[in-house]
Amino acid sequence: MSQNAIMNDRLLRACRREPVDRTPVWFMRQAGRYLPEYRAIRATNDFLTMCKTPELAAEVTIQPVELIGVDAAIIFSDILVVPEAMGMKLVVEEGKGGPRFPSPLRSTTDMAQLSSEDPSANLTYVFDAIRLTKKQLAGRVPLIGFSGSPWTLASYMVEGHNPRDFRHIKELMYSHPRDAHALLEKLTNAVTLYLSAQIEAGVDVVQIFDTWGGVLTQEDFAEFSLKYIRIIVSALQKKEVPIIVFCKNCGHSLERIADTGTNVVGLDWTTDIGHAREVLGQRVALQGNLDPIILFSTEERIQKEVAAILQKFGKGNGHIFNLGHGILPETPVENVKAFVRSVKTLSTKYH
Ligand code: CP3
């Protein structure tokens with residue numbers, strides 16, 4: 001594990017609800033196509049090549065730290081490299097609606113073929129990218145590692161692409177719950193090993209993305225998603241690295257999410273952060289939650305919305321500013337800079 005001292009440790013302090021001079025800010029998909037400097041590298045490299053070439057991954061991971069001034073870096077990779085490491089063919093074609101698995105898991109035979117081995121053996125490029133990024137960051141800001149949640153990974157693996165109606169994964173869950181649980185258990189084991197290895201390689205914080213927990217009933221969310229996130233969180237707690245759990249569209253289950261033992265609960269924009277603090281503020285830190293589409297408006301409007309979120313959270317510790325979901329590729333860079341500037345200047349009066 002890296003023993004590098006972190007100079008800007010606001011994120012780490014906020015995760016532990018310790019005092020900071022201002023609210024730390026980073027955002028999901030911050031290394032991406034809204035940055036011309038990312039597009040320049042992307043022009044001559046396909047997405048998976050970038051993920052699998054540590055020099056390129058490190059370079060784009062650090063871009064938003066240098067160009068936008070965020071308080072954390074998040075390692076450039078994708079949640080879907082885990083199913084690939086477990087034996088599924090992953091295809092990312094230009095302009096074809098994102099990554100997909102041409103042979104989705106649709107039968108018990110398909111699922112049985114999925115490797116139960118530690119996927120980390122096939123993900124050494126991620127750990128190399130983490131080590132190189134840590135070295136190049138030289139303690140400027142913390143580095144965040146991540147994984148998809150078992151439920152979100154299973155959704156992609158069974159649907160085969162960015163899910164729309166979740167017909168196949170829900171059919172598996174409703175009609176063959178034992179098979180669904182067996183798949184989720186296998187993924188839980190894989191994600192635990194993968195995140196542990198990221199921590200060994202040097203990440204300072206980990207985030208679990210449950211992008212699709214919000215398509216379930218509250219009971220099914222608890223049974224098919226949170227249950228497994230909780231197992232991962234308890235296994236990682238021993239590592240003493242803060243954990244962020246982001247479940248999109250799950251504001252109905254704030255307490256249950258905190259019950260996983262996570263240090264930080266990530267919020268999308270549909271949850272009122274003031275309400276979340278009222279419910280959870282004594283137990284966890286909160287991350288969020290500006291609607292990314294606000295970044296298409298004006299600097300004044302952005303400032304107003306940032307101010308409103310800061311005010312709703314109120315004075316005190318334990319807030320990490322973020323968007324409620326990933327930034328869109330068409331977002332004007334000037335507005336992204338205005339957003340980060342607004343958080344930095346407006347938040348001082350709350351500390
Ligand atoms: O946040 C970051 O800057 C770190 C890198 C990161 C990426 N994907 C890079 C990426 C992270 C944390 C992810 C997570 C991810 N990937 C999630 C969970 C978070 C979320 O957004 O809900 C999901 C569901 C995926 C799956 C995925 N990867 C999709 C649906 C797509 C296509 C949509 C799109 O934005 O093009 C990707 C591709 C992807 N992952 C890109 C990036 C920068 C775009 C690749 C490109 O340059 O063409």
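The values are calculated or read from the model by the stated rules, or taken from the named source; none is laboratory data. All values reported here derive from a predicted model rather than from experimental measurement. Cβ atoms come from the backbone with ideal geometry, glycine included; neighbour counts cover every protein chain shown.
Is it the case that Arg10 is away from the ligand (no atom under 14 Å from the Cβ), closer than 26 Å to Arg341 by Cβ and either surrounded by 16 or more Cβ atoms within 10 Å (Cβ to Cβ) or free of Cβ contacts under 8 Å to residues at least 24 places away in the same chain (or both)? It would help to see each step written out before you state the result.
Numbers: away from the ligand (no atom under 14 Å from the Cβ): yes; closer than 26 Å to Arg341 by Cβ: yes; either surrounded by 16 or more Cβ atoms within 10 Å (Cβ to Cβ) or free of Cβ contacts under 8 Å to residues at least 24 places away in the same chain (or both): yes.
In short, yes.
Residue-by-condition table, conditions (1) of a type in the set (A, V, I, L, M); (2) in contact with a Leu (Cβ under 6 Å, 6 or more places away or on another chain):
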site	(1), (2)
Gly32	no, no
Ala43	yes, no
Val92	yes, yes
Arg100	no, no
Asn122	no, no
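Got a sec? Which helices (runs of 4 or more DSSP H) wholly within the range 117-227 have at least 3 residues that are farther than 17 Å from Ile75 by Cβ and either among the hydrophobic types (A, V, I, L, M, F, W, C) or touching a residue at least 12 places away in the same chain (Cβ under 8 Å) (or both)? Ranges flagged: 150-159, 167-175, 177-201. Applying the criterion of being at positive phi and more than 10 Å from the ligand (Cβ to nearest atom) to the residues of the range 64-111, the residue that is surrounded by the fewest Cβ atoms within 10 Å (Cβ to Cβ) is Gly87.
Annotation for the range 136-151: at least one member residue is touching a strand residue (DSSP E or B) at 6+ places or on another chain (Cβ under 8 Å) and of a type in the set (Ser, Thr, Tyr). In the condition set (1) under 26 Å from Trp26 (Cβ atoms); (2) surrounded by fewer than 18 Cβ atoms within 10 Å (Cβ to Cβ); (3) in contact (Cβ under 8 Å) with a residue 40 or more places away in the chain, Lys238 is compliant with all but (3). Mind listing whichever residues of the range 16-53 are polar (S, T, N, Q) and more than 8 Å from the ligand (Cβ to nearest atom)? Of everything in the range 16-53, those that are polar (S, T, N, Q) and more than 8 Å from the ligand (Cβ to nearest atom) turn out to be Thr23, Thr44, Asn45, Thr49, Thr53. For the range 257-276, residues that are surrounded by fewer than 20 Cβ atoms within 10 Å (Cβ to Cβ), in contact (Cβ under 8 Å) with a residue 40 or more places away in the chain and among the acidic types (Asp, Glu) total 1.
Highlighted here are the helices (runs of 4 or more DSSP H) found entirely within the range 1-58 that include at least 1 residues which are touching a Pro at 6+ places or on another chain (Cβ under 7 Å): 10-15. The number of residues in the range 223-281 that are within 16 Å of the ligand (Cβ to nearest atom), charged (D, E, K, R) and more than 15 Å from Ser149 (Cα to Cα) comes to 1.
A quick yes/no check of all residues on (1) surrounded by 15 or more Cβ atoms within 10 Å (Cβ to Cβ); (2) out of contact with any helix residue (DSSP H, G or I) (no Cβ under 9 Å at 6 or more places or on another chain); (3) of a type outside the set (Asp, Glu):
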| position | (1), (2), (3) |
| --- | --- |
| Glu278 | no, yes, no |
| Val306 | yes, no, yes |
| Ile309 | yes, no, yes |
| Asn317 | yes, no, yes |
| Glu330 | no, no, no |
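You will find that of Leu267, Leu290, Leu280, the residue that is under 15 Å from the mean Cα position of the chain (by Cα) and over 20 Å from Thr188 (Cα atoms) is Leu267 and no other.
For Glu185, are the conditions met, namely being charged (D, E, K, R) and in contact with a helix residue (DSSP H, G or I) (Cβ under 8 Å, 6 or more places away or on another chain)? For Glu185, the condition - charged (D, E, K, R) and in contact with a helix residue (DSSP H, G or I) (Cβ under 8 Å, 6 or more places away or on another chain) - is met. Evaluation of Leu143 against the conditions (1) closer than 29 Å to Asn322 by Cα; (2) surrounded by fewer than 16 Cβ atoms within 10 Å (Cβ to Cβ) shows that the sole unmet condition is (2).
Among the residues making up the range 191-204, those that are more than 16 Å from Ser234 (Cβ to Cβ) and more than 15 Å from the chain's Cα centre (by Cα) are Ala197, Glu200, Ala201, Gly202. Quick check: anything in the range 294-306 small (Gly, Ala, Ser) and touching a Gly at 6+ places or on another chain (Cβ under 6 Å)? Checking the range 294-306: not a single residue is small (Gly, Ala, Ser) and touching a Gly at 6+ places or on another chain (Cβ under 6 Å).
Ala138 fulfils the conditions (1) surrounded by 15 or more Cβ atoms within 10 Å (Cβ to Cβ); (2) within 25 Å of Ile62 (Cβ to Cβ) except for a single criterion, (1).
Answer yes or no as to whether Thr61 is assigned to a loop (DSSP other than H, G, I, E, B), surrounded by 21 or more Cβ atoms within 10 Å (Cβ to Cβ), at pLDDT 95 or above and out of contact with any Pro (no Cβ under 9 Å at 6 or more places or on another chain). The answer is no for Thr61.
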